[in-house]
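See structure below.
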Amino acid sequence: MNVTENYTNMFHFNLTMFVKIGSFRYPAFVLCLLMFAFIVSANIIILLVISQERTLHEPMYMFIALLSVNALYGSTGFFPRFLMDLLSDTHLISRPACYTQIYIIYTYGSCELTILSIMAFDRYVAVCEPLHYHNKMTHKKVCILSAFAWIMPAFSVATCLYLTVRLPLCGNKILKVFCAGWNVAKLSCVSTLISNIVGLLFVVIAVFLPLIYVLYTYCRIIIVCSKMSSEFKSKVFQTCLPHTISFVTFSLSGFCDIALNRIDVEKLNRYLAVILSLEIVLIPPVLNPLLYGLTLPEIRKHIFRMLPWLKKHKLEQKMTYHT
């Protein structure tokens, strides 16, 4: 190995899970570019609708706006680099760029679960304690919860990443299509016991506690709904269904990513491993604006008012109906 190769290995990681798809890389690039464009435009539309309509300046909609901001943050940290790699024959990424990508993707994931947990609390108060809702979910409380949703993940991920950055490494091959903390830690020349303990604590705090809390709140909501009228159940179902689907989808995507980090990926089909690893950065940012934009009537009607071509289509339908 010459000096240039030594230098490259020292300051770069090699993302080795990219499969050779030949000329199919161009359709894959176009598909992913369109997906990125959809994520950006759809989430910006949700943000514009919620910010411009005063009737939507309520806790539930503010937390939906937080989900859209987080989707834009995570997607921007993933897609540009991924799109470049799709068209490239080599998949080297510098250490600073790799650590930056780890920080963005991990904070995105942790923020997503934290926001979904806060939304579960909001729905719990709205359904189980409706008379105290406006006293408990004040503007100040919403701001505090929103700040917590960003600060806690930022601090915890920074701590884990700091321990990973300090590790001396004996290799540069990461079996993934994007950088991940555990894959980097496995390249360490020394014991990773402290990093593993801190990482386990992070998973418990950022993943399992939110999971347990959301399950608890929905059990309470189900108990309350069982004693109410069908009209009340229908209203609760309408507001809780998008959150439930969003939470289950993200939890399954996160589980796939965590599981892939702990098993021998080389024994799996490469295409399957790539798809499973990409779920967490692809599905939630695409699904959330569709869920909240199409299933919640208040957001849906304002989106229809905002988009000119939808206005025109609606007008044409009315004219056809009257004639």
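If you check LYS227, LYS233, which single one turns out to be surrounded by fewer than 13 Cβ atoms within 10 Å (Cβ to Cβ), under 24 Å from TYR124 (Cβ atoms) and among the basic types (Lys, Arg)? Break it down into steps so the answer makes sense when it comes.
Numbers: LYS233 fails: surrounded by fewer than 13 Cβ atoms within 10 Å (Cβ to Cβ).
None of the other options fit; the residue is LYS227.
Tell me which of these ALA147 doesn't satisfy, since it passes every other one: (1) surrounded by fewer than 15 Cβ atoms within 10 Å (Cβ to Cβ); (2) farther than 26 Å from THR100 by Cβ; (3) under 18 Å from the mean Cα position of the chain (by Cα).
Only one criterion in (1) surrounded by fewer than 15 Cβ atoms within 10 Å (Cβ to Cβ); (2) farther than 26 Å from THR100 by Cβ; (3) under 18 Å from the mean Cα position of the chain (by Cα) is unmet by ALA147, namely (2).
Got a sec? Which of TYR213, TYR218 is touching a residue at least 12 places away in the same chain (Cβ under 8 Å) and open to solvent by 70 Å² or more (accessible area, probe 1.4 Å)? If you could, list the steps in order and put the result at the bottom.
On the way: TYR218 fails: open to solvent by 70 Å² or more (accessible area, probe 1.4 Å).
TYR213 is the lone residue from the list that is touching a residue at least 12 places away in the same chain (Cβ under 8 Å) and open to solvent by 70 Å² or more (accessible area, probe 1.4 Å).
Kindly evaluate LEU31 against the criterion of being in a helix (DSSP H, G or I) and open to solvent by 20 Å² or more (accessible area, probe 1.4 Å). Full working, then the answer.
Details: in a helix (DSSP H, G or I): yes; open to solvent by 20 Å² or more (accessible area, probe 1.4 Å): yes.
Spelling it out, LEU31 is indeed in a helix (DSSP H, G or I) and open to solvent by 20 Å² or more (accessible area, probe 1.4 Å).
Which pairs do you get when a residue that is of a type in the set (D, E, K, R), found in the stretch 99-125, comes within reach of a residue that is not in a helix (DSSP H, G or I), reach meaning Cβ atoms under 8 angstrom, with the pair 6+ apart or on two chains?
ASP122/MET137
Of these, ILE245, ILE212, ILE194, which one is out of contact with any helix residue (DSSP H, G or I) (no Cβ under 8 Å at 6 or more places or on another chain), aliphatic (A, V, I, L, M) and either over 22 Å from SER117 (Cα atoms) or modelled with pLDDT of 80 or more (or both)?
Values: ILE245 fails: out of contact with any helix residue (DSSP H, G or I) (no Cβ under 8 Å at 6 or more places or on another chain); ILE194 fails: out of contact with any helix residue (DSSP H, G or I) (no Cβ under 8 Å at 6 or more places or on another chain).
Just a single option satisfies the conditions, and that option is ILE212.
State whether the residues of the stretch 148-157 include one that is part of a loop (DSSP other than H, G, I, E, B) and free of Cβ contacts under 8 Å to residues at least 12 places away in the same chain. Talk me through it step by step, then tell me what you get.
Here is the first cut: in the stretch 148-157, the residues part of a loop (DSSP other than H, G, I, E, B) are none.
Within the stretch 148-157, not a single residue is part of a loop (DSSP other than H, G, I, E, B) and free of Cβ contacts under 8 Å to residues at least 12 places away in the same chain.
What single numbered condition from (1) at pLDDT below 85; (2) closer than 23 Å to ALA149 by Cα; (3) buried (at least 17 other Cβ atoms within 10 Å of the Cβ) fails to hold for GLU279?
With (1) at pLDDT below 85; (2) closer than 23 Å to ALA149 by Cα; (3) buried (at least 17 other Cβ atoms within 10 Å of the Cβ) applied to GLU279, the lone miss is (1).
For the stretch 86-108, enumerate the residues that are of a type in the set (S, T, N, Q) and within 25 Å of MET152 (Cβ to Cβ). Break it down stepwise before answering.
Step one: of the stretch 86-108, the residues of a type in the set (S, T, N, Q) are 88, 90, 94, 100-101, 107.
Passing the criteria: THR100, GLN101, THR107.
The values are calculated or read from the model by the stated rules, or taken from the named source; none is laboratory data. This is a predicted model, so every value here is computed, not measured. So basically every Cβ, Gly included, is an ideal-geometry build from the backbone, and we count neighbours across all protein chains shown. For the accessible areas, the whole protein counts, side chains as well, though only heavy atoms, and no ligand, DNA or RNA atoms are used. Shrake-Rupley method; radii C 1.70, N 1.55, O 1.52, S 1.80 Å.
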